[in-house]
Amino acid sequence: MSDTREFVPRITAFVCNWCTYAGADLAGTTRLAYPATVRIIRVPCSGRIDPVFLIKAFEKGADGIIVSGCHPGDCHYSSGNYYARRRWSIFPKLLEFIGIEPERLTFTWVSASEARKWADVVAEATERVKSVGPLAHFAPLAAAAPEGEGAL
Amino acid sequence: MARIGVFVCHCGENIARTVDVKKVVDAAAQLPGVAVASDYRYMCSEPGQRMIADTIRENRLTGLVVAACSPQMHEKTFRRAAASAGLNPYLVEMANIREHCSWVHENRDEATAKAIDIVSMMVAKVRQDEPLSSVKVPVTCRALVIGGGISGIEAALSIADSGVEVVLVEKEPSIGGHMAQLGETFPTLDCSQCILTPKMVEAAQHPNIRLMTYAEVEKLDGFVGNFKATIRRKARYVDADLCTGCGACLEKCPVKKVPSAFDENLGPRTAIYRPFPQAVPNKPVIDAAACLKLTKDACGICSKVCPTGAIKYDDAASVITEDFGAVIVATGYDVLAAAEFGEYGYGKYADVVTSLQFERMESASGPTGGKIIRPSDGAEPRSIVFIQCCGSRDEARGRPYCSKICCMYTAKHAMLYKHKVHDGQAYVFYIDVRAGGKNYEEFVRRAVEKDSALYLRGRVSHVYREGGKLVVKGVDTLAGEAVEVKADLVVLATAVTPRAGAVALAQTLGISYDTYGFYSEVHPKLRPVETSKAGVYLAGACSAPRDIPDAVASGAAAAAKALSILSAETLEREPTVARVNDATCVHCGNCIAACPYDAIEDFEVRDRAGNLIKVIARVNESVCQGCGVCVALCRSKSIDLAGFNDRQIYSQIDALSAW
């Protein structure tokens, strides 16, 4: 990316199937425009999201990450999002430790009816990530990594 | 070798307007493993599906990515198309380039780039997909209906008539719901009780229906076909088996001044009571907060006069659990507390009432015996002002929605008032008259033309008392002037709202609700009675304001949907289930403790001689719902979730590295 162009963040979103994915669908159905900065990975429940997914996403070039599920009390699987909540309340400390700005991680709840909130979450996350700039952290690591597919 | 087919849909102009479909096809063709990439105007159409099926056969495809709408919309369609061509349906992935892309982005380059990324992610995922087969589970052939209003009754009767057992749970002592409170109903003016009570009795006497009144659902475990409901039966203090409903206790009870909720507090009831004379079951309960025996250990008269010894002061609430295959939620609505309308004088002036109070006055079995009166002095009102949209269509009060029924019942009220008080004058302040329904517009015209109701288009600013009259100050926006109407009675058409406790019940049942607390349908147009939780259906006004015909129709629709589950002996479920790797599981127990469904159990691995080798965790596939909480928690990475396994997710993350 040349310096003259405006920095466009790359945000990977991990969202649950029942609330946030459906909320993002509703944003589409109601034609709510938001920045084209986000790529969504659908999982059944926010409790399914392994912290390593996030580290891996940063490593693979994401400048920011959104994690979103059903509101507390509304989990489709009754309690999965509580596991998520505990995990993401601790996770920023790990990010800080490895030198990634907390602004890069947005953890939130978006219900299936909160289309407007989803559009706002993406717009706000985009602005926050813009304020800290591109994540160059993992580029040397990625360059040194052996070829081939594979997780972990 | 992977041979993936990528099919990009134009969705007419819906996708093609903002996404350069040709570019997406070209990019997809370059992706590793992609054998075929093409596009079509409507993939979901019959020719579109046939094209996919033919391509699968001709190219012996090992995976399919359809770049089109949300998986919630057409994943099933394309899975079926794949299966018809011999490809395992779980080797199909949807790339959502409509809801998540073309509909929310305006810049064509950005939208096209994003669509390419989404397709790349799904191609990467489909390469990791494995053929799966659906899980078969047995079905409990019994339905639970929550709420005994007209839609719940209709749902219960429809299911019971098909020969399936139903338990109808109602939180009040009698079934009937709001409809039992109404006087006459629009647009036919037939008496509500006359058409409702036969249905109530039919429900009570039906051999396949078990009524559980004065009871509430406390917990719902399990999943479609195999729910377990915990139901709390409140203490009635009257043994329903012994009680004959003779009513001797009601006559003798000395506590006679408890405000009757059924009569909207316009009349009194006794401490031992039935909500209304036609109650079903027609057996009283004791209001523990008002009863002298239960509060002060005095009185005890009802016990003395009861000829069958049915009074049980030591009765206690009981909790039972029952198995069900499907659940219908028909919990209905409340009306907005009129206390919100200080400017209209509700609570300050006795002659400002709600529509539901007016309805009780107008009912022949109501507290005034069908006479319309001024509550302050019992006189016949010479003029009445009806104020529409009290809380509805009101952004400022947080309810921009239309309550749907008020225009019609107000026309009815104005009409019935004229029928009872021939020289009286009804005024209606309205925003718009919404009379979209069979014979509805004609009905409103009749109120205006035959029964001379005067409609004033505009809002009311406030109501105050002057002399013996209420002065209603408002504006007539058609004449463009301020108006002032002197009235004896003011009736507020308060907004229809979700039931108090609707959100708590939604959380108990695990269904979604909107920002107001109305329950959400899984699709507002095409799946109007289904919730996001399989096997749980919606009937009546719990999902939106509904009139009686709509409530009845949705009750019958919900019953039909429930029967489609209950009519099969087994049910096929998505194979999105967790599996344990026996070789690496160290039996730490994290997953067993975390599973919300208790689907993971200890399993003893033994050699052929029967000697114990080790204990591991094992997932019961027919119970697992596929949330994946166990997968993220497993420290030895020994559990994975079919359809959303680690490799599938990491492959998508990997695919974004080129972004």
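For q values of 0.14, 0.17, 0.21 Å⁻¹, compute log₁₀ I(q)/I(0) with the Debye formula on a Cα-only model of segment B:418-474, without solvent.
Here the Debye-derived log intensity ratios amount to -0.51, -0.71, -0.94.
Subtracting the Cα-Cα distance from 0.36 nm times the residue separation, let me have the gained length for B:SER162 to B:SER38 in nm, one decimal.
On the way: separation 124, 0.36 × 124 = 44.64 nm, distance 4.77 nm.
That pair, B:SER162 and B:SER38, stretches by 39.9 nm at full extension.
So which lysines pass the test for B:LYS114, namely a Cα distance under 18 Å, with those fewer than 8 places away in the same chain ruled out?
Within the straight-line cut-off, B:LYS114 pairs with A:LYS60, B:LYS22, B:LYS23, B:LYS125.
Just want to confirm a number: the relative contact order over chain B, from Cα pairs under 8 angstrom separated by 6+ residues, in percent. List each step's numbers first, then the result.
Working: 1444 pairs, mean separation 88.1, N = 659.
Once divided by the residue count of chain B, the mean separation gives 13 percent.
What's the Cα-based Rg to Rh of segment B:523-592, Rh via Kirkwood?
Values: Rg = 19.2 Å, Rh = 15.3 Å.
Ratio of gyration radius to Kirkwood radius for segment B:523-592: 1.25.
Contact order normalised by length for segment B:578-642, with contacts defined as Cα pairs under 8 Å and 6 or more residues apart; what percent is it?
Details: 109 pairs, mean separation 29.5, N = 65.
Rounded, it is 45 percent for segment B:578-642.
Above 20 angstrom, tally the Cα pairs of segment B:578-642 and express them as a % of all pairs, no decimals.
Values: 461 of 2080 pairs.
The answer is 22 percent, as a whole percent.
Exposure proxy check: B:GLU484, B:GLU130 ranked by fewest other beta carbons within 10 Å? Show your work: numbers first, answer last.
On the way: B:GLU484 9, B:GLU130 13.
By the 10 Å Cβ count, ascending, the order reads B:GLU484, B:GLU130.
Measure nothing but the geometry: give the 0 to 90° angle between the long axis through the Cα atoms of B:46-59 and the longest principal axis through the Cα atoms of chain B, rounded to 10°.
In chain B, helix B:46-59 runs at an angle near 20 degrees to the longest axis.
Just round it to a whole percent: the fraction of Cα-Cα distances in segment A:48-92 exceeding 17 Å.
Roughly 36 percent, once rounded to a whole number.
List the residues whose amide H sits under 5 Å from the amide H of B:HIS523, counting only those 5 or more places along or on another chain, with H placed 1.01 Å from N in the peptide plane.
B:GLU530
Report, for the protein assembly as shown, the % of DSSP beta bridges that are antiparallel, rounded to 5. Show your work: numbers first, answer last.
Numbers: 56 of 122 bridges.
The antiparallel fraction comes to roughly 45 percent.
Which cross-chain or sequence-distant (5 or more) residues have an amide H under 5 Å from the amide H of B:LEU454, H modelled 1.01 Å from N in plane?
B:ALA426, B:TYR427, B:VAL428
Please give me the summed charge of the neighbours of B:VAL224: other residues whose Cβ is under 12 Å from its Cβ, Lys and Arg +1, Asp and Glu -1. Please report the intermediate quantities before stating the final value.
Values: positive: B:LYS533, B:LYS561, B:ARG573; negative: B:GLU530, B:GLU572, B:GLU574.
Result for the neighbourhood of B:VAL224: 0.
For the residues A:TRP118, A:TRP109, what sequence is obtained by ranking on other C-beta atoms within 10 Å, fewest first? If you can, show how the numbers build up before the last one.
Values: A:TRP118 31, A:TRP109 24.
Neighbour counts put them in this order, fewest first: A:TRP109, A:TRP118.
Amide H to amide H, which residues 5 or more places from B:THR497 or on other chains are under 5 Å from it, using H placed in the peptide plane?
Counting only residues 5 or more places away or on other chains, the set is B:ASP334, B:VAL335, B:LEU336.
Report Rg (one decimal) and Dmax (nearest whole number) for segment B:35-126, counting Cα atoms only, units Å.
Gyration radius and largest Cα-Cα distance of segment B:35-126: 12.9, 39 Å.
In Å, what Rg and Dmax follow from the Cα atoms of segment B:1-61?
Expressed in Å, the Cα Rg and Dmax of segment B:1-61 come to 11.7, 35.
From the P(r) of segment B:455-536, could you give the percentage of C-alpha pairs in the tail past 18 Å? Please report the intermediate quantities before stating the final value.
Values: 2051 of 3321 pairs.
Cα-Cα pairs of segment B:455-536 separated by over 18 Å account for 62 percent.
Once you list every other residue whose beta carbon is under 15 Å from the beta carbon of A:TYR21, what net charge do they have if Lys and Arg are +1 and Asp and Glu are -1? If you can, show how the numbers build up before the last one.
Numbers: positive: A:ARG39, A:ARG42, A:ARG48, A:LYS117, B:ARG98, B:LYS125; negative: A:ASP25, A:ASP74, A:GLU114, B:GLU75, B:GLU93, B:GLU99.
Net local charge, A:TYR21 excluded: 0.
Using only the alpha-carbon atoms, how far is helix A:115-132 inclined from the longest principal axis of chain A? Give it as 0 to 90 degrees, nearest 10.
Here the helix axis deviates by roughly 20 degrees.
Can you bin every Cα-Cα distance in segment A:1-122 into 10 Å intervals starting at zero and give me the percent of pairs per bin, rounded to whole numbers?
That works out to 14, 44, 33, 8, 1, in percent per bin.
On average, how many beta carbons from a partner chain sit within 10 Å of the beta carbon of a residue in A:29-41? List each step's numbers first, then the result.
On the way: counts 9, 3, 3, 2, 5, 2, 4, 14, 3, 3, 12, 7, 9.
So the per-residue partner count for this stretch is 6.
Sorted by packing (mean other beta-carbon atoms within 10 Å per residue), highest first, where do B:115-128, B:494-507 land? Don't jump to the answer; show the numbers that get you there.
Values: B:115-128: 25.1, B:494-507: 19.9.
Result, highest mean Cβ count within 10 Å first: B:115-128, B:494-507.
Where does the charge balance sit around B:GLY437 when Lys and Arg score +1, Asp and Glu -1, over other residues with C-beta under 12 Å from its C-beta?
Details: positive: B:LYS404, B:ARG434, B:LYS438, B:ARG546; negative: B:GLU441, B:GLU442, B:ASP547, B:ASP550.
Here the count lands on 0.
Could you work out the relative contact order of chain A? I mean the mean sequence separation of Cα pairs under 8 Å and 6+ apart, divided by the number of residues, in percent. Write out the running numbers ahead of the final one.
Details: 244 pairs, mean separation 51.8, N = 152.
Reported as a whole number, the value is 34 percent.
Return the lysines within reach of B:LYS252: Cα separation strictly under 21 angstrom, same-chain partners fewer than 8 residues apart disregarded; answer none if there are no such residues.
Straight-line reach from B:LYS252, under 21 Å: B:LYS283, B:LYS293, B:LYS296, B:LYS304, B:LYS312.
Which three extents, in whole angstrom, do the alpha-carbon atoms of segment B:139-178 cover along their principal axes, largest first?
31, 15, 11
Any lysines with Cα under 20 Å of the B:LYS614 Cα? List them, leaving off those in the same chain fewer than 8 positions away.
Partners within reach: B:LYS637.
In whole Hz and in residue order, list the ³J(HN,Hα) couplings for segment B:260-275 that follow from phi through the Karplus curve 6.51 cos²θ - 1.76 cosθ + 1.60, θ = phi - 60°; x for Gly and Pro.
Karplus-based 3J(HN,Hα) across segment B:260-275 equals 7, 5, 4, 8, 6, 6, 7, x, x, 9, 8, 6, 8, 8, 10, x Hz.
Measure out, as a whole number of angstrom, how far apart the alpha-carbon centroids of segment B:278-331 and segment A:74-146 sit.
So the separation of the two Cα centres works out to 53 Å.
May I ask for log10 I(q)/I(0) of segment B:126-284 at q = 0.17 Å⁻¹, from a Debye sum over the Cα atoms as equal point scatterers with solvent left out?
Values returned for q = 0.17 Å⁻¹ are -1.08.
Per 10 Å bin, what is the whole-percent P(r) computed from every C-alpha pair distance within the protein assembly as shown?
2, 12, 19, 20, 18, 14, 10, 5, 1, 0
Starting from one equal scatterer on each C-alpha and no solvent at all, send me the Debye-based log10 I(q)/I(0) for segment B:335-497 at q = 0.15 Å⁻¹, two decimals.
With no solvent term, the Cα-only Debye profile gives -0.77.
Along its principal axes, what span do the Cα atoms of segment B:256-354 show, with the longest given first and each in whole Å?
Here the Cα extents, ordered largest to smallest, are 51, 46, 26 Å.
DSSP loop GluC sites (Glu not before Pro) in segment B:360-467 with at most 10 other Cβ atoms within 10 Å of their Cβ, which ones?
Numbers: sites: B:GLU362, B:GLU395, B:GLU441, B:GLU442, B:GLU449, B:GLU466; in loops: none.
Sites meeting the loop and neighbour criteria: none at all.
Tilt of helix B:108-128 relative to the longest C-alpha principal axis of chain B, in degrees (0 to 90, nearest 10)?
Between helix and principal axis, roughly 70 degrees.
How many percent of DSSP beta bridges within chain B run antiparallel, rounded to 5? Mind dumping the intermediate values first?
Working: 56 of 106 bridges.
Taking every DSSP beta bridge within chain B, about 55 percent pair in antiparallel fashion.
I'd like the per residue volume of the convex hull spanned by the Cα atoms of segment B:505-659, given in cubic angstrom. Can you show the working numbers first?
Numbers: hull volume 27.3 nm³, N = 155.
Taking the convex hull of the Cα positions in segment B:505-659, it is 176 Å³ per residue.
Dividing the convex hull volume of the Cα atoms of chain B by its residue count, what figure in Å³ per residue is obtained?
Working: hull volume 141.7 nm³, N = 659.
Considering the Cα atoms of chain B, their hull volume per residue is 215 Å³.
Say R0 is 45 Å: what FRET efficiency, to the nearest 0.05, do B:ARG445 and A:GLU127 get from their beta-carbon distance? Can you show the working numbers first?
Values: r = 55 Å, r/R0 = 1.22.
Taking R0 as 45 Å, the efficiency between B:ARG445 and A:GLU127 is 0.25.
Which ordering of B:ASP607, B:ASP109 is given by a fewest-first count of other beta-carbon atoms within 10 Å? Intermediate results must be reported in sequence, preceding the final value.
Values: B:ASP607 8, B:ASP109 12.
In order of increasing Cβ crowding within 10 Å: B:ASP607, B:ASP109.
Throughout, read-outs are computed from the coordinates displayed, never taken from laboratory work. Here the structure is a predicted model, which means the values were calculated and not measured. For neighbour counting, all protein chains shown are included, and Cβ atoms are generated from backbone atoms with ideal geometry for every residue, glycine included.
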